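Data block below; observations after.
The values are calculated or read from the model by the stated rules, or taken from the named source; none is laboratory data. All of these numbers come straight from a predicted model, not from anything done at the bench. Please note: Cβ atoms are built from the backbone with ideal geometry, for glycine as well, and neighbour counts cover all protein chains shown.
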Amino acid sequence: MNDAIQFFRTPRPLCLRDLCVDYFSSFAAPRLVLFAALFALAMPAAAQTYAITGARIYTLAGPPIEGGTVVIKDGKIAAVGKNVSVPGGARVIDGKGLEVYPGFFDSVSEMGLVEIDAVPATVDTQELGEYNPQLVAATAVHPASEHIPVARANGVTHAVSVPGMGGSVIIGGQASAIHLNGWVMDEMAIRRAAAMTVNWPTLQTGGGGFGGFGAPRRPFTEVKQEYEKRVAALGEWLDRARHYAQAREKGSADKFERDLKLEALVPVIKGELPLLVLANSDRDIKNAIEFCEKQKVKLIIAGGRQAWKVKDLLKQKNVPVILRSTQSLPVEEDDPYDKPYTQPGELHAAGVKIAFATFGGDNSAVGSYAVANEAGNAVAYGLPREEALKAITLYPAQMYGLGDKLGSIEAGKIANLVVTTGDALELRTQIRYVFVNGVQASTDNKHKQLYEKYRARP
Amino acid sequence: MRATVNREGKLEKGFIPRNLCVLCVSVAILLFASPVLAQQAGNVTVIQNATILTVTKGTIEKGSILIRGGKIAEVGKNIAVPAGATVIDATGMYVTPGLIDCHSHIAGEGGINEGSLSVTSMVSIEDIINPADINIYRDLSGGLTAANVLHGSANAIGGQNAVIKLRWGKDARGLLFEGAPPGIKFALGENPKRSNFTPPPGTPRRYPATRLGVEDVIRQAFAEAREYKKEWDAYEKRRAAGESGLLAPRKDLRLEALKQILEGKRLVHAHCYRADEIVMLIKVAEEFGFKIATFQHVLEGYKVAKEIARHGAGASTFSDWWAYKVEAYDATPYNAAIMAQKGVVVSINSDSAEEARHLNQEAAKMMKFGGMSETEALKLVTLNPAMQLGVASRVGSVEAVKDADLVIWDKHPFSVYAVAQKSLIDGIVYFDRKKDIELRAELEKEKKALLEKEKKAAEPPARPAGAGPGRPPGGQRPPGGGQRPPENKPEETKPVVGSGPVEVRP
């Protein structure tokens, strides 16, 4: 295990990092501007004023602006438009022929919590115990994770890192919204508590696992009983949190015994913190909606592989869905072969707010940058392109209550931006510049360093 | 083994009425098979007005392809339509060769990993082909027309492969790519040494447990195979000389397959990750005088591309999977580009029924990571895997006399917005998006009727005595059997978290 740790923490000369930014671009880039910029490139540097000029800007707050300018100042978008003047002292990036988008948001990930999935020492997603509302993902997000620069170089500027997804856990803990750049968590955190993770209990009668080593089959009635017990227990936790909040408000401080678990659930029952409920089948989604309505708590459905079967209910109850993946196989053997591709368009047409995310896992960073790919696939099967863009930028921000801070290019919002050589959803498009929290961030990463090193092998 | 689990495994799926699925699959086969039945292999078809990405002879705008007897008879700009020919108008569309997946596990009935021994060269995927696996159709719908169905990676020397064409609706034999050279799976590194695998309670650990042991197992096996071959060669020689009364040596099915490798008659497809183990296998192969056809996964291939190229092996890798285990931590999406630059024939494979639905997109990424040209990138999923599988004279490019395995796309296949419209194999349309959509209402009706029937059958009075619970009366099993173990259904797999059953990783 020690070997593994050393293996992935091998130090690299940092000075090499920035020098290979964009070496691989096949476009005649404004190299001079780029190299000038490199000297000032650091992981969060002092606040700087930038102006990206002459670019096509997809603000997602209106039609695209041709030949527009974005001004970034003090970490925020200071101005955007066709006739925006460049402030004195601003570093100018010639955006001619380039496109500017809000940075991609992987809204359900395990960024920084998993380095190598098969090595438990590098995995901080699975705590013991079934109810862990007190745990906060940001506590263990590893700022030096190699996954972060890989995701960032491919256009992902921020993510929600989710603890305790999967397994037999019911309350996984607090998911944290983070910028994908920074030396320490304090510089990275957008919101430490962005949602409370809940794995909706599923009715599974057995199977799974590899080569028949999965759980043995159990009778449905037994499984159903267990399911109901779990849902009831989840309800009890929220009820207890409600009593706890009342006691805290009304009781005297010296008689009050602090409970960190219930304390963490108070924002949930107050409707301030949404439940991020992982549910995939139509039945689980329906049950989760009923549960949250009864409990009067905010709900985001995550996963939603059969959300299309309950799209009217989702619309009626105004419940947003973060979709796991367009690049997945249909759930049932007799589903249309393209159901995962068509579902986003169907949900949109029904008026359901959707986002695309990759749910971390073994391919954390690679999965994260695939969000654009996944959104693009949905466009091929009926989702309007602008909606696809919003589903990886603005909509997930809104779901977490961050819609006023992130997700579109508007004055006053945090400057998380990507500058590309073309359509951001296309596979061949290069990411040219990335801005995170108002700072131009390095697009170098482990993948590119290995490329440079071994390409040069004699 | 099934990397789909990497992407799919974390969430539980919904409830599936199993019996219903089995029924519907059989219905689906009948329905989807109908266009196939309507066509005859001898028929003449012309695809017109397409942008043809030939792979070997550039791009032809507004081109036509004449198909006769399942083969490409002519490719060009002005081709006269013979009388009676079926015309497919592909105005505004793109045509590519059918995509080829050099690492797949679809269509396997039951387990594909005989993990009880470290050398299982006697078992074969050919014996467990399940033509009713719905993933055949799903992959076909993404433009895939041929696949190298491999044994799992549990053993240093695994089982024999089966190269198939995705002729959905045909029986097991009908799927086999006739004339494709036989092959076999080898595996190096974490999987054969069982690094991430907890044996079921009471089971003893299995040799090897280190990369040293993996080499030893392979060398030991070939030392035996060489003796075996010597014995047989001597016998054959004496027999050829006309000696009578000879007693043939005892047949050993395990060594028989290895003998074929030594004779150059069976292709070795070696699962591997780290640079050192790749070089190790090259040395072992050269010691015993055989060649590795492909290194599979080969995520550190870029570190020893020179050695791979010198040996003459191909490399079949993922576009960008990374970091799911230690030996995948030095993976980089630039792998394919570096290996190709250093003279290795490279393909991009799926190892996953899901990934195989969009190999065109995985190839497109290689233009971004390492700046491959469009043609070089397209070769990664067409001509190069065909070369690696020894079938390049038959498939992999749009050229006269090759098999008419073609895909018609509505946009350039490297665009994220492209959707495969038709997949042809041997000139026969096995997937037609328009027809698929048209059939959905019918399928839905059929499904409802079946559900009703099942409901009625479940009512006590209607139930014939002795009928097992839940087994639908009249329910037909699709050819090859419909029930498959969980590893064929990644979306059903229990959440894999942290130290979970890592064996499911490629």
Q: Given the conditions (1) more than 26 Å from residue B:300 (Cα to Cα); (2) at pLDDT 95 or above, report the number of the one that residue B:244 does not fulfil.
A: (2)
Q: Kindly indicate whether any position in region B:375-383 is over 20 Å from residue B:418 (Cβ atoms) and part of a loop (DSSP other than H, G, I, E, B).
A: no
Q. Which condition does residue A:128 not pass, out of (1) assigned by TED's automatic domain parsing to the domain that holds residue A:267; (2) surrounded by 17 or more Cβ atoms within 10 Å (Cβ to Cβ), if it passes all the others?
A. (2)
Q | Filtered residue count, region A:443-456, keeping only those that are within 7 Å of another protein chain (Cβ to nearest Cβ) and either touching a Ser or Thr at 6+ places or on another chain (Cβ under 7 Å) or more than 15 Å from residue B:336 (Cα to Cα) (or both) | A | 3
Q. Any residue at all in region A:246-254 that is touching a helix residue (DSSP H, G or I) at 6+ places or on another chain (Cβ under 9 Å) and modelled with pLDDT of 95 or more?
A. no
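With respect to residue A:82, is the statement that it is surrounded by fewer than 24 Cβ atoms within 10 Å (Cβ to Cβ), more than 16 Å from residue A:409 (Cβ to Cβ) and at pLDDT 95 or above true?
Against the criterion (surrounded by fewer than 24 Cβ atoms within 10 Å (Cβ to Cβ), more than 16 Å from residue A:409 (Cβ to Cβ) and at pLDDT 95 or above), residue A:82 does not qualify.
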Q.
Out of the helices (runs of 4 or more DSSP H) lying entirely within region B:183-300, which hold 1 or more residues that are surrounded by fewer than 24 Cβ atoms within 10 Å (Cβ to Cβ) and of a type in the set (Ser, Thr, Tyr)?
A. B:211-240
Q.
Based on this model, can you work out whether residue B:398 counts as farther than 17 Å from residue B:60 by Cα and of a type in the set (Val, Ile, Thr)?
A. no
Q.
Of all residues being buried (at least 22 other Cβ atoms within 10 Å of the Cβ), part of a loop (DSSP other than H, G, I, E, B) and β-branched (Val, Ile, Thr) in region A:370-421, which is farthest from the other protein chains (Cβ to nearest Cβ)? Just the residue, please.
A. A:409
Q | Options A:309, A:294; residue that is away from chain B (no Cβ under 14 Å) and at pLDDT 95 or above | A | A:294
(Q) Going through B:127, B:133 one at a time, which residue ends up being within 11 Å of residue B:107 (Cβ to Cβ) and not basic (Lys, Arg)? (A) B:133
Q: Output yes when any residue across region B:262-281 is in contact with a helix residue (DSSP H, G or I) (Cβ under 6 Å, 6 or more places away or on another chain) and without any contact (Cβ under 8 Å) to a residue 24 or more places away in the chain, and no when none is.
A: no
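Looking only at region B:393-411, filter to residues that are surrounded by fewer than 19 Cβ atoms within 10 Å (Cβ to Cβ) and touching a helix residue (DSSP H, G or I) at 6+ places or on another chain (Cβ under 9 Å); which one of those is farthest from the other protein chains (Cβ to nearest Cβ)?
B:393
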**Q.** Among the candidates B:8, B:74, residue that is within 29 Å of residue B:381 (Cβ to Cβ), modelled with pLDDT of 50 or more and of a type in the set (D, E, K, R)
**A.** B:74
Q | residue B:456 vs. criteria basic (Lys, Arg) and in a strand (DSSP E or B) | A | no
Q) Taking region A:321-332 only, how many residues are more than 16 Å from residue A:309 (Cβ to Cβ) and at the interface with chain B (Cβ under 7 Å from one of its Cβ atoms)? A) 3
Q: Only residues that are of a type in the set (Gly, Ala, Ser) and under 19 Å from residue B:307 (Cβ atoms): list them for region B:252-292, please.
A: B:270, B:275, B:285, B:289
Q) Restricting attention to region B:188-196, does a residue exist that is within 19 Å of residue B:217 (Cα to Cα), more than 14 Å from chain A (Cβ to nearest Cβ) and either touching a strand residue (DSSP E or B) at 6+ places or on another chain (Cβ under 6 Å) or modelled with pLDDT under 95 (or both)? A) yes
Q. Would it be correct to say that residue A:352 is at pLDDT 95 or above, on the phi < 0 side of the Ramachandran plot and in the same structural domain as residue A:180 (by TED's automatic domain parsing)?
A. yes
(Q) Just to be sure I understand, how many residues within region B:347-361 are more than 11 Å from every other protein chain (Cβ to nearest Cβ) and among the hydrophobic types (A, V, I, L, M, F, W, C)? (A) 2
Q: Those residues that are part of a helix (DSSP H, G or I) and either in contact with a Lys or Arg (Cβ under 8 Å, 6 or more places away or on another chain) or of a type in the set (Phe, Trp, Tyr) (or both), I need them from region B:338-354; list them, please.
A: B:338, B:341
Q) Looking at (1) touching a residue at least 12 places away in the same chain (Cβ under 8 Å); (2) closer than 23 Å to residue B:92 by Cα; (3) not hydrophobic (A, V, I, L, M, F, W, C), which is the only condition residue B:319 fails? A) (2)
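Take the conditions out of contact with any strand residue (DSSP E or B) (no Cβ under 7 Å at 6 or more places or on another chain), more than 24 Å from residue A:299 (Cβ to Cβ), modelled with pLDDT of 95 or more and more than 14 Å from every other protein chain (Cβ to nearest Cβ) and apply them to residue A:184. Does it pass?
On the way: out of contact with any strand residue (DSSP E or B) (no Cβ under 7 Å at 6 or more places or on another chain): yes; more than 24 Å from residue A:299 (Cβ to Cβ): yes; modelled with pLDDT of 95 or more: yes; more than 14 Å from every other protein chain (Cβ to nearest Cβ): yes.
Answer is yes for this residue.
Which ones in region B:304-325 are among the hydroxyl-bearing types (Ser, Thr, Tyr), within 13 Å of chain A (Cβ to nearest Cβ) and under 19 Å from residue B:371 (Cβ atoms)?
Passing the criteria: only B:319.
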Q: Scan A:74, A:106 and give me the residue that is within 23 Å of residue A:437 (Cα to Cα) and surrounded by fewer than 18 Cβ atoms within 10 Å (Cβ to Cβ).
A: A:74
Q: Note down all Cβ pairs under 8 Å where the first residue falls in region B:363-388 and is touching a residue at least 60 places away in the same chain (Cβ under 8 Å) and buried (at least 21 other Cβ atoms within 10 Å of the Cβ), the second is of a type in the set (S, T, N, Q) and part of a helix (DSSP H, G or I), and they're at least six residues apart or on different chains.
A: B:381/B:360
